[in-house]
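All of the numbers you see were taken from the coordinates with simple rules; none came from a lab. Everything numeric here is computed off the predicted structure, so don't read it as measured data. Neighbour counts run over all protein chains shown; Cβ positions are idealised from the backbone, glycine included.
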Amino acid sequence: MATARKNLRYIIVLIVIIVLCIVIVTVSYRNSEILKKARSAVLDTFGPVQEKTYQFFQPVIRFFNGIQDYFVLSEKIKNLEQQNRKLTRDYSEIVNLKIENDALRKLIGINLRQDYKTEPAKVIGFYESKWQSHIIIDAGRSSGILEGMAVVNEDGLIGVVTLASNDTSEVRLINDPHSSIGARILSSRKLGMVEGSSDKTIYLNYIVSKDIVFKGDILITSEFGELIPSEILIGRVKRIKESEKTPYLQIEVEPFADFKRLEYVLVIKN
Amino acid sequence: MKIFLRIIHFLFLIICLIIQTSFIEHLKHYNISLDLLMIAVAAVSIFNGQIFGLIYGFIIGLLLDLMVGGIAGVNAAIYALNGFFACKIIEIGFRKKWAVYVFLIFILTEVNLLLTSGIYYLFNFSLNPGQLGIEMLVSPIINILFMFIIFPLLGAGRGRREEFGFIYKDEI
């Protein structure tokens with residue numbers, strides 16, 4: 001009798017917790033303000049400890065990266081040397097073009113291109129599952145960071161701030177299935193959307209089949225993003241597939257940023 | 001003493017939560033998909049009983065949901081269920097043996113993967129059966145390996161002085 005009563009008590013607690021979870025899921029799905037505040041509070045509370053833990057494990061993460069690097073190092077050096085030669089060739093031409101462009105802009109009264117205002121931040125947390133791909137950074141509202149701002153590193157676009165609390169922020173990476181960013185193909189100027197997927201592959205969507213896209217084409221952010229500035233490097237076209245089911249090309253994108261090695265990032269505040 | 005241990009166990013879960021979000025998630029890049037929280041919740045539940053397993057699982061799951069975004073409440077429900085069933089398996093007559101723990105972690109991992117996939121599928125997320133299949137094969141192995149570290153840490157293997165060549169003290 002006592003065991004049955006005890007079991008009933010457990011079942012009641014279980015049911016209460018499940019009902020509570022269903023309520024939380026509903027509130028979360030409706031993007032409630034209360035939950036946003038709770039998220040901010042949790043991020044701010046755990047931020048400092050997370051930062052220390054992240055620093056503590058950094059050598060281990062680097063060690064794993066090092067092992068992976070070891071097997072591809074010679075190929076990587078070869079590619080970098082090739083890239084370096086090309087960049088050196090292009091450099092003088094680009095400097096000349098920039099001077100010429102600035103002079104012409106002045107002449108016809110168009111504003112000169114402005115550098116972005118950025119806020120440096122350290123990555124202190126990471127979460128990846130089939131349905132999400134997020135990082136946590138150690139800068140928040142107190143540093144002027146707002147939701148929707150672009151986050152980049154030296155290689156290119158990483159993601160977008162989805163939640164800014166006081167001292168920490170949550171960033172949705174561009175390979176997250178929910179991520180969708182306006183993009184342009186640099187050479188052909190075609191517009192599309194760079195979207196993540198559950199297997200963490202990034203795709204350039206909404207490019208019609210009749211458009212010509214080449215493997216290796218570079219993608220940049222489009223000028224139509226509200227808080228994401230234009231012309232930020234995203235990645236290059238890796239694979240192109242045509243499908244009879246849709247009128248669009250299936251374009252796989254290789255991002256410039258390496259999400260395994262994110263340590264320091266910049267949040268673009270413009 | 002019991003209250004003190006329960007506080008220690010809760011702090012242990014918090015540490016696991018921080019390690020999961022700061023370090024273990026990185027290992028997923030190398031196809032090491034470890035669910036440290038699930039193992040810790042199962043161990044805490046076996047050690048403290050169903051109610052604490054349920055409540056601790058719920059709190060830790062909710063904190064994880066709040067920390068990493070996504071749909072809040074999903075991990076809370078899953079870890080609460082983990083806590084409940086981990087203890088239930090022991091209660092229905094299975095002895096506190098390593099073989100039982102291995103079976104428990106295997107079952108919990110598989111159920112978690114299926115449950116999470118099912119819930120997210122209901123929320124209109126795409127589901128890749130191939131990827132899920134591979135995960136269902138690999139994840140239990142990694143989780144079981146880590147179980148051999150986590151369970152003794154929490155003393156869930158107490159009372160079993162020698163089994164599979166492992167020797168534990170009776171006290172923590």
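Anything over 25 Å Cα to Cα? Flag those among A:Lys36/A:Lys260; A:Lys78/A:Lys210; A:Lys245/B:Lys28; A:Lys210/A:Lys238; A:Lys238/A:Lys260, in the order listed.
Going by Cα-Cα distance, A:Lys36/A:Lys260; A:Lys78/A:Lys210; A:Lys245/B:Lys28 fall outside the 25 Å limit.
Net charge around A:Val253, counting only other residues with Cβ within less than 12 Å of its Cβ (Lys, Arg = +1; Asp, Glu = -1)?
+1
What is the helix-to-structure angle for A:2-29, meaning the angle in degrees between its Cα long axis and the longest Cα principal axis of chain A, kept from 0 to 90 and rounded to the nearest 10?
Its long axis makes an angle of about 30 degrees.
Just to be sure I understand: with springs between alpha-carbon atoms less than 10 Å apart, which residue in A:Thr221, A:Thr88, A:Thr118 has the highest mean-square fluctuation in the Gaussian network model of chain A?
A:Thr88
Less than 13 Å apart at the alpha-carbon level, and either on another chain or at least 8 residues along: which aspartates and glutamates does that give for A:Lys122?
Straight-line reach from A:Lys122, under 13 Å: A:Glu51, A:Asp138, A:Asp167, A:Glu170, A:Glu263.
Pairs of alpha-carbon atoms within less than 8 angstrom and 6+ residues apart define the contacts here; what relative contact order does chain A have, in percent?
Dividing the mean separation by the residue count of chain A yields 16 percent.
Assign unit charges at the C-beta atoms only (+1 for Lys and Arg, -1 for Asp and Glu), then state the dipole size of chain B relative to its Cα centre in Debye, rounded to the nearest 20.
480 debye
If I model a spin label as a point 7 Å beyond the Cα along the Cα-Cβ vector, how far apart are those points for A:Gln83 and B:Leu145 in nm?
With each label placed 7 Å out from Cα toward Cβ, I get 3.1 nm.
Can you list residues whose amide H is under 5 Å from A:Ala183's amide H, if they're 5+ apart or on another chain and H is modeled 1.01 Å from N?
A:Gly192, A:Met193, A:Val194, A:Ser222
From Cα coordinates alone, what are the radius of gyration and Dmax values for region A:2-55 in angstrom?
17.4, 51
With Cβ to Cβ distances under 14 Å as the rule, what net charge do the other residues near A:Arg236 carry (K, R +1; D, E -1)?
Local charge sum for A:Arg236: 0.
When you look at the Cβ of every residue in B:74-81, what mean number of other chain Cβ atoms sits within 10 Å? Please list the in-between numbers first.
Working: counts 5, 2, 6, 8, 1, 1, 6, 4.
Taking the mean over all residues of the peptide, I get 4.
Can you tell me the dipole magnitude for region A:116-188 around its Cα centre, using point charges on the Cβ only (Lys, Arg +1; Asp, Glu -1), in Debye to the nearest 20?
Taking the Cα centre of region A:116-188 as origin, the dipole is about 180 debye.
Using just the helices of chain A, give the 222 nm mean residue ellipticity in deg cm²/dmol: DSSP H runs with n ≥ 4 each add -39,500 (n - 2.57), and the total is spread over all residues, rounded to 500.
-14500 deg cm²/dmol
With a sphere of radius 15 Å drawn around the Cβ of A:Gln50, what net charge do the other residues whose Cβ falls strictly inside it have (Lys, Arg +1; Asp, Glu -1)?
Taking every other residue near A:Gln50 into account, the sum is -4.
So what is the relative contact order for chain B, in percent, with contacts set as C-alpha pairs under 8 Å and at least six apart?
22 percent
At what distance in angstrom do the alpha carbon centres of region A:125-145 and region A:193-230 lie from each other?
When both Cα centres are located, 22 Å separates them.
Aspartates and glutamates within cross-link reach of A:Lys200: Cα-Cα under 15 Å, excluding same-chain residues under 8 positions apart?
Leaving aside aspartates and glutamates fewer than 8 places away in the same chain, those within reach of A:Lys200 are A:Glu128, A:Asp176, A:Glu252, A:Glu254, A:Asp258, B:Glu25, B:Glu135.
Pick from A:Gly140, A:Gly47, A:Gly225: which residue has the top mean-square fluctuation in a GNM of chain A where Cα pairs under 10 Å get a spring?
A:Gly225
How many nm is it between the label spots at A:Leu227 and A:Arg105, if each spot is 7 Å from the Cα in line with the beta carbon?
Between A:Leu227 and A:Arg105, the simple spin-label model gives 2.5 nm.
Identify which of A:Ala41, A:Ala139, A:Ala183 has the largest mean-square fluctuation in a Gaussian network model of chain A, with springs joining Cα atoms closer than 10 Å.
Its mean-square fluctuation being the largest, the pick is A:Ala41.
Only counting other Cβ atoms within 10 Å, I'd like A:His134, A:His178, B:His29, B:His9 sorted with the fewest neighbours first.
Lowest to highest Cβ neighbour count: A:His178, B:His29, B:His9, A:His134.
Once you keep just the Cα pairs under 8 angstrom separated by 6 or more residues, what percentage relative contact order results for region A:88-225?
The normalised contact order for region A:88-225 reaches 15 percent.
How about A:Lys98: which aspartates and glutamates have a C-alpha closer than 14 Å to its C-alpha, ignoring those fewer than 8 places off in the same chain?
Cross-link targets: A:Asp90, A:Asp115.
Long-range amide H contacts for A:Thr168: which residues qualify at under 5 Å (H placed 1.01 Å from N, peptide plane, sequence gap of 5 or more or a different chain)?
Long-range HN contacts for A:Thr168: A:Gly140, A:Arg141.
Would you order B:Met147, B:Met136, B:Met38, A:Met149 from fewest to most other beta-carbon atoms within 10 Å of each residue's own beta-carbon?
B:Met136, A:Met149, B:Met147, B:Met38
Would you mind pulling out the separation of the Cα centroids of region B:4-64 and region A:46-80, in Å?
The distance from the Cα centre of region B:4-64 to that of region A:46-80 comes to 25 Å.
Which is farthest toward the positive dipole end of region A:2-55 among A:Ile24, A:Gln55, A:Leu8, measuring Cα position about the Cα centre, with Cβ charges +1 (Lys, Arg) and -1 (Asp, Glu)?
Of A:Ile24, A:Gln55, A:Leu8, it is A:Leu8.
HN-Hα J couplings of region A:50-60 from phi, Karplus 6.51/-1.76/1.60, θ = phi - 60°, integer Hz, Gly and Pro as x?
4, 4, 5, 5, 4, 4, 4, 8, 3, x, 5
Taking the number of other C-beta atoms within 10 Å as the exposure measure, put A:Arg39, A:Arg189, A:Arg261 in order starting with the fewest.
A:Arg189, A:Arg261, A:Arg39
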